[in-house]
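S.K.: Before anything else, here's the structure in question.
Nothing in this text is a laboratory measurement; each read-out follows from the coordinates by a stated rule. If you're wondering where the values come from, they're calculated on a predicted model, not measured in any experiment. Ideal geometry is used to build each Cβ from the backbone, glycine not excepted, and the neighbour counts take in all protein chains shown.
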Amino acid sequence: MQRRSVFYALLGLAPAAQAFQESAAAIPATAAEAVSMGLPRFYSQADLAAFAELGQTLIPAFDGRPGAKEAEAAEFLDFLIGQSPSDIQTLYKQGLATYKLRRKAGLDAALKELNEPWTHAGPANAYGKFLQAAKQAFYQATVNSRQWAEAMSGRSRSAAGVGSYWLPIE
């Protein structure tokens with residue numbers, strides 16, 4: 001028997017403590033546990049699905065290379081955005097809401113800001129900034145994934161060192 005259970009039993013709080021322990025068992029204690037459990041961190045399940053669709057559209061699989069979907073970039077970025085400053089979270093939250101609205105009108109309408117000419121100052125509107133940031137984030141998350149390293153390590157002799165992906169210490 002755990003000391004905590006004995007303490008709660010002495011105070012007469014055993015049923016409440018048991019209910020608390022059962023509900024707390026489903027809540028991850030650390031950020032690493034949340035990622036390993038596959039729980040959405042920043043977006044809801046529906047928003048995460050739309051975000052993953054955006055990632056697959058921006059970084060598709062090609063020529064034996066994994067895309068954002070195969071690299072599970074959306075799940076990683078969901079965790080990363082959840083740990084980011086509030087201005088980044090606002091950009092991604094509002095940007096995804098706009099993407100979902102425009103997506104109803106078609107993919108061309110949803111991504112039209114990406115076809116505008118490039119300027120040094122970047123896009124003028126917030127949605128254009130979101131698309132540009134999301135494209136860069138999905139690209140980086142994809143090419144820095146284990147799936148990308150595994151796919152590229154066997155392609156040619158010039159890929160030396162690409163397969164040296166470091167696994168986290170658990």
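S.K.: Below 8 Å between Cα atoms, with a sequence gap of 6+, how large is the relative contact order for the stretch 40-159 in percent? Could the numbers behind the result be given before it?
M.R.: On the way: 116 pairs, mean separation 39.3, N = 120.
About 33 percent, as a whole number.
S.K.: Follow-up question, since we're still on this one. Using the structure shown, list the pairs from K69/K93; K104/K129; K69/K104; K100/K129; K69/K112; K104/K135 with a Cα-Cα distance above 18 Å, or answer none.
M.R.: Numbers: K69/K93 20 Å; K104/K129 20 Å; K69/K104 21 Å; K100/K129 16 Å; K69/K112 22 Å; K104/K135 20 Å.
Where the Cα-Cα span goes over 18 Å, the pairs concerned are K69/K93; K104/K129; K69/K104; K69/K112; K104/K135.
S.K.: What length, rounded to one decimal in nm, is gained on full extension from S44 through to T98, with 0.36 nm per residue of separation minus their alpha-carbon distance? Let's see the in-between values first.
M.R.: Values: separation 54, 0.36 × 54 = 19.44 nm, distance 1.55 nm.
My answer for the length gained is 17.9 nm.
S.K.: Roughly how many Å is it from the Cα centre of the stretch 100-158 to that of the stretch 51-80, as a whole number?
M.R.: Between the Cα centre of the stretch 100-158 and that of the stretch 51-80, the gap is 9 Å.
S.K.: Now a separate question. What does the charge count around E113 come to, taking other residues whose C-beta lies under 13 Å from its C-beta (Lys +1, Arg +1, Asp -1, Glu -1)? Present the calculation step by step, with values, prior to reporting the outcome.
M.R.: Values: positive: R102, K112, K129, K135; negative: D108, E116.
My count for the surroundings of E113 gives +2.
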